[in-house]
Amino acid sequence: MSTTTEILAEAVATSKTDPKRSESLYKQILSSTKSSTHDNQQQTQTLRDQETALVNLGQLYRDQNNAAGVAEVITLSRSFMSSTAKAKTAKLIRTLLDYFSAIPDSQKIQMTVLQDNIEWAKREKRIFLKQSLETRLAGLQLETHEYKPALALIDSLLTELRRLDDKMILIEVHLLESRVYRGIGNTAKAKAALTSARTAGNSIYCPPALQSSLDLQSGILHAEDKDYTTAYSYFYEAFESLSTQGEDDGKTLSALKYMMLCKIMLNLPEDVTSLLSIKLAVKYAQLREVESMRSVAKAHQARNLADFEKALKDYKDELSSDPTIRSHLSDLYDALLQQNLLRIVEPYSVVELEYIAECVGQGRQSVETKLSQMILDKVFYGVLDQGRGCLLVFDEPKADEMYDSAIETLGQVSKVVESLYVKSVSIA
């Protein structure tokens with residue numbers, strides 16, 4: 001009878017050529033039981049081989065994009081976990097759960113597996129594993145925009161973590177809380193949660209990856225407040241840190257895109273080209289995501305609404321997938337449309353709406369709506385004559401200083417009368 005080590009070697013050898021055979025061998029290793037005749041050394045080797053088989057089987061299913069298979073491996077690992085140290089158990093289950101990230105559209109299965117394992121961790125009284133799994137589940141709920149259950153889970157987690165004083169997980173959970181509140185549009189609470197995360201981080205050593213995540217979130221919140229200069233500095237810190245770590249998980253590219261966005265929003269689109277020439281950014285310069293931001297910068301520099309719309313259309317997936325970039329480009333589009341409308345109407349006292357719509361390449365209804373909004377915001381002074389289909393533009397009214405002078409004169413007269421009254425009382 002072959003030992004588990006021999007079976008494992010055969011399974012590894014056939015993983016590329018015959019995945020089905022490899023899968024069968026891995027399951028055979030996992031189903032093998034410890035014999036009473038085995039010595040302790042052989043039992044230890046069997047456990048080690050089973051651990052390797054678990055990880056390799058998970059990798060096999062990951063490469064096949066088989067989310068259900070990865071879920072099955074995690075369930076199979078339960079019997080193995082009961083005989084291992086708690087620290088090793090947590091590491092193993094986190095490794096297996098990480099395989100889901102490479103499988104597209106696997107969030108629902110991953111959430112089901114997480115909830116199942118959280119219940120198991122509660123029954124086994126594995127508190128730290130439960131907290132780790134709940135943190136991951138809250139992150140998934142954030143990704144799938146399930147904000148209400150995410151907040152409920154985060155609140156219960158924070159209560160436990162404050163009691164245990166586990167600073168590291170506390171920082172992660174506060175950061176998650178900040179991202180959830182930002183997702184539902186509550187900027188004040190998002191800032192408060194981020195401040196709590198930074199306060200907890202000040203008392204311990206914060207790993208560079210976590211510090212970069214805090215900087216990214218700080219930059220995003222400052223950008224929400226239109227403080228693009230401060231936001232840029234945070235994004236630069238995050239980009240520099242992530243680049244030196246060498247982790248290519250998408251955050252580095254996001255930080256670079258946010259830096260380019262800040263330059264565009266600061267009306268410095270010409271700086272985008274010089275930004276991409278720095279050493280750390282060169283390797284990203286030819287990527288489609290970066291090219292999309294470069295196209296937006298060129299359109300903004302030329303103040304060309306048609307080019308801006310073309311960039312939004314050509315790079316729809318790249319520019320719309322990130323909510324931060326999408327919201328700020330929407331504001332930029334409105335600002336660019338407003339600048340174009342002002343440039344057209346300024347030389348005229350009366351101008352047809354059809355002509356304005358034709359010049360900016362927009363529908364008449366959208367142009368009319370934008371012009372009425374600009375009039376209400378007192379960007380310029382005018383009236384929309386819908387009967388004639390025209391816009392009447394007025395000069396900016398000058399304040400009449402006569403009223404201010406009259407009020408000032410009356411004030412001085414009042415003082416004179418009061419002083420005369422005081423003198424008359426003293427004489428009497």
May I ask you to rank Ser254, Ser24 by accessible area, largest first, using a 1.4 Å probe over the protein chains only? Ser24, Ser254
Nearest 10 degrees is fine. How inclined is helix 19-31 to the longest principal axis of the chain, computing both from alpha carbons? 70 degrees
Based on the Kirkwood radius over alpha-carbon pairs, what value in µm²/s does the Stokes-Einstein equation return for the translational diffusion coefficient of region 243-381 at 4 °C and 1.567 mPa s? 79 µm²/s
Extension gain, Gln28 back to Glu72 (0.36 nm per residue minus Cα-Cα distance, nm): 14.4 nm
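Could you list, in their original order, any pairs among Lys91/Lys257; Lys88/Lys125; Lys167/Lys191 whose Cα atoms are separated by more than 26 Å?
Lys91/Lys257
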If unit charges are put on Cβ atoms (+1 for Lys and Arg, -1 for Asp and Glu) and the dipole of the chain is taken about its Cα centre, the option from Ala13, Leu371, Ala306 lying farthest towards the positive end turns out to be Ala13
Most positive-pole-ward Cα, Leu76, Ser213, Ala335, against dipole of the chain from beta carbon charges: Leu76
Averaged per residue, the 1.4 Å probe accessible area of the chain, protein heavy atoms only, in Å², is roughly 55 Å²
Give the label of the value calculated from the structure for volume of the Cα convex hull per residue in Å³, choosing from [x] 266; [y] 202; [z] 155. [x]
Quick check: the angle from helix 364-376's long axis to the longest principal axis of the chain, C-alpha only, nearest 10 degrees? 60 degrees
Rough spin-label spacing in nm, given labels placed 7 Å along Cα→Cβ, for Val417 and Glu352: 6.0 nm
Expressed as a percent, the accessible surface of the chain that is carbon or sulfur, using a 1.4 Å probe and the full set of protein chains, is 52 percent
Specify the angular offset, from 0 to 90 degrees and rounded to the nearest 10, of the alpha carbon long axis of helix 107-123 from the longest principal axis of the alpha carbons in the chain. 60 degrees
With labels modelled as points extended 7 Å from the Cα through the Cβ direction, what inter-label distance (nm, one decimal) is found for Lys313 paired with Glu401? 5.3 nm
Charge dipole magnitude, Cβ of K and R +1, D and E -1 - the chain, Cα centre, debye nearest 20: 1620 debye
DSSP loop trypsin sites (Lys or Arg not before Pro) in region 171-229 with at most 12 other Cβ atoms within 10 Å of their Cβ, which ones? Lys226
When the charge dipole of the chain is computed with +1 on Lys and Arg Cβ and -1 on Asp and Glu Cβ about the Cα centre, the Cα farthest towards its positive end, among Val296, Ser349, Leu161, belongs to Leu161
Ser274 accessible area, nearest 10 Å², 1.4 Å probe? 70 Å²
Compare Met259, Met265 by solvent-accessible area with a 1.4 Å probe and give them largest first, with all protein chains kept in place. Met265, Met259
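The values are calculated or read from the model by the stated rules, or taken from the named source; none is laboratory data. For clarity, every value in this text was computed on a predicted model and none was experimentally measured. As a convention, Cβ positions derive from the backbone with ideal geometry for all residues, glycine included, and neighbour counts pool all protein chains shown. Side chains included, ligands, DNA and RNA excluded: accessible areas come from the protein's heavy atoms. Shrake-Rupley method; radii C 1.70, N 1.55, O 1.52, S 1.80 Å.
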